[in-house]
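A.B. asks: Could you have a look at this structure, given as structure tokens, before my questions?
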Amino acid sequence: MRILIFLLIFLVSLTNLYAQTEKTGESEQVNQVITRFFDGIAALNMNQMKQFVTTDFLLLEGGDVWNLDTLAVHMNQLKTGSFSRTNRLNFIRTEIKENIAWVAYDNAADMIIKGQKRNARWLESAVLIKEGKEWKIQMLHSTPTQAKK
């Protein structure tokens, strides 16, 4: 009887461990989508960014409502001069419920725009949906923040 109880507890533990590992893997995939999207911004590469968003992508940027076309207009303005951007994303929380995920993260960027250094920070959240086997950003909300003194 003790062996049966031990085996039952052991099997339940393995199942929980597998579920936790699977959830961690999914969370990493979701976070990687966010990272790669911002890599596309750093490269000013709209085709790269399109891979990671839904067709109805919505960006709430500092109080304005943008879509991918609006973002493209702003990015194209940066192509006229020298531009570089290095992103630093610090993921705060990633939650997944079936085919929907939401993420909260700090986003910091060191940029050089037309020879001038700039640093920017945002507190952001994103909602992703799973299309087939791929996670895609459906909505991103960005709030500019100031560095803490």
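A.B. asks: Out of all the residues in region 119-140, is one or more farther than 27 Å from Thr24 by Cα and assigned to a strand (DSSP E or B)?
C.D. replies: Looking through region 119-140, at least one residue is farther than 27 Å from Thr24 by Cα and assigned to a strand (DSSP E or B).
A.B. asks: Let me ask you something else. Pick from Asp106, Asp110: which is at pLDDT 95 or above, loosely packed, with under 15 Cβ neighbours inside 10 Å and in contact with a Leu (Cβ under 8 Å, 6 or more places away or on another chain)? Steps first, please.
C.D. replies: Working: Asp110 fails: in contact with a Leu (Cβ under 8 Å, 6 or more places away or on another chain).
Result: Asp106 is the single residue among Asp106, Asp110 that is at pLDDT 95 or above, loosely packed, with under 15 Cβ neighbours inside 10 Å and in contact with a Leu (Cβ under 8 Å, 6 or more places away or on another chain).
A.B. asks: Scan region 62-112 residue by residue and report those that are among the hydroxyl-bearing types (Ser, Thr, Tyr) and outside any helix (DSSP H, G or I). Let's see the steps before the verdict.
C.D. replies: Residues of region 62-112 among the hydroxyl-bearing types (Ser, Thr, Tyr): 70, 80, 82, 84, 86, 94, 105.
The answer is Thr80, Ser82, Ser84, Thr86, Thr94, Tyr105.
A.B. asks: Residues Thr54, Thr86, Thr94: which one is closer than 20 Å to Asn119 by Cα, touching a residue at least 12 places away in the same chain (Cβ under 8 Å) and among the β-branched types (Val, Ile, Thr)?
C.D. replies: Result of the check over Thr54, Thr86, Thr94: Thr86.
A.B. asks: With respect to Trp122, determine if the residue is free of Cβ contacts under 8 Å to residues at least 40 places away in the same chain and of a type in the set (Phe, Trp, Tyr). Don't jump to the end; show me each part of the working.
C.D. replies: Details: free of Cβ contacts under 8 Å to residues at least 40 places away in the same chain: yes; of a type in the set (Phe, Trp, Tyr): yes.
Yes.
A.B. asks: Could you list all residues from region 46-55 that are in a strand (DSSP E or B) and surrounded by 11 or more Cβ atoms within 10 Å (Cβ to Cβ)?
C.D. replies: Of the residues in region 46-55, the ones in a strand (DSSP E or B) are 53-55.
Correct list: Val53, Thr54.
A.B. asks: Output yes when any residue across region 51-63 is more than 15 Å from Glu131 (Cα to Cα), of a type in the set (Asp, Glu) and at pLDDT below 95, and no when none is. Give the derivation first.
C.D. replies: Taking region 51-63 first, the residues more than 15 Å from Glu131 (Cα to Cα) are 58-63.
Restricting the remaining residues to those that are of a type in the set (Asp, Glu) gives 61.
Retained after the next criterion (residues that are at pLDDT below 95): 61.
Among the residues of region 51-63, at least one is more than 15 Å from Glu131 (Cα to Cα), of a type in the set (Asp, Glu) and at pLDDT below 95, which makes the answer yes.
The values are calculated or read from the model by the stated rules, or taken from the named source; none is laboratory data. The model shown is predicted, which means the values in this text are computed figures rather than measured ones. Backbone-built Cβ (ideal geometry, glycine too); neighbour counts: all protein chains shown.
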